[in-house]
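Data first, discussion second: the structure below is written as structure tokens.
The values are calculated or read from the model by the stated rules, or taken from the named source; none is laboratory data. Treat the numbers as computed from the prediction; the structure is a model and nothing was measured. Surface areas here come from the heavy atoms of the whole protein model, side chains and all, with no ligands, DNA or RNA. Shrake-Rupley method; radii C 1.70, N 1.55, O 1.52, S 1.80 Å.
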Amino acid sequence: MDKRDEHGRFLPGCCSNGRPKGSKNKATSEVREKFQQLVDSYSLEQMKLDLMELDPGERLRIMSGLLDFFIPKLNRTDHSITIGDETIIIQLPQSNDNRLLESENIQPGLPAASE
């Protein structure tokens, strides 16, 4: 039983829980479509030229922001050890890649020297 008028609006006295789960918002769909058209018309060559016109700091911020869409963030892993009354917590990115450890002068499996 449909309680809507010819324009798709609910008739007075009819209540609803809103849009059905999974249905698309028309306004959002239109904005996404227009944005996709804009992106499609923006060539890679023009993007490179525009990035090179920015100062290095701004260019780095933009590139860093874009990385979130292409490279997943690493989960942090917390390791703790208690020696006597003192608890030491070591936080490392979860990765099989030891480049971070090498850049920090940390031996795999050994805690960092405290300063």
Accessible area (Å², 1.4 Å probe, nearest 10) - Phe10 | 90
Report the accessible area of Ser64, computed with a 1.4 Å probe over the heavy atoms of all protein chains in place, in Å² rounded to the nearest 10.
-> 60
Solvent exposure ordering (accessible area, 1.4 Å, most first) of Lys3, Lys26, Lys21, Lys34 | Lys21, Lys26, Lys34, Lys3
Solvent-accessible surface ranking, highest first, for Val31, Val39 at 1.4 angstrom | Val31, Val39
Rank Asp40, Asp55 by accessible area, highest first, at a 1.4 Å probe radius?
-> Asp40, Asp55
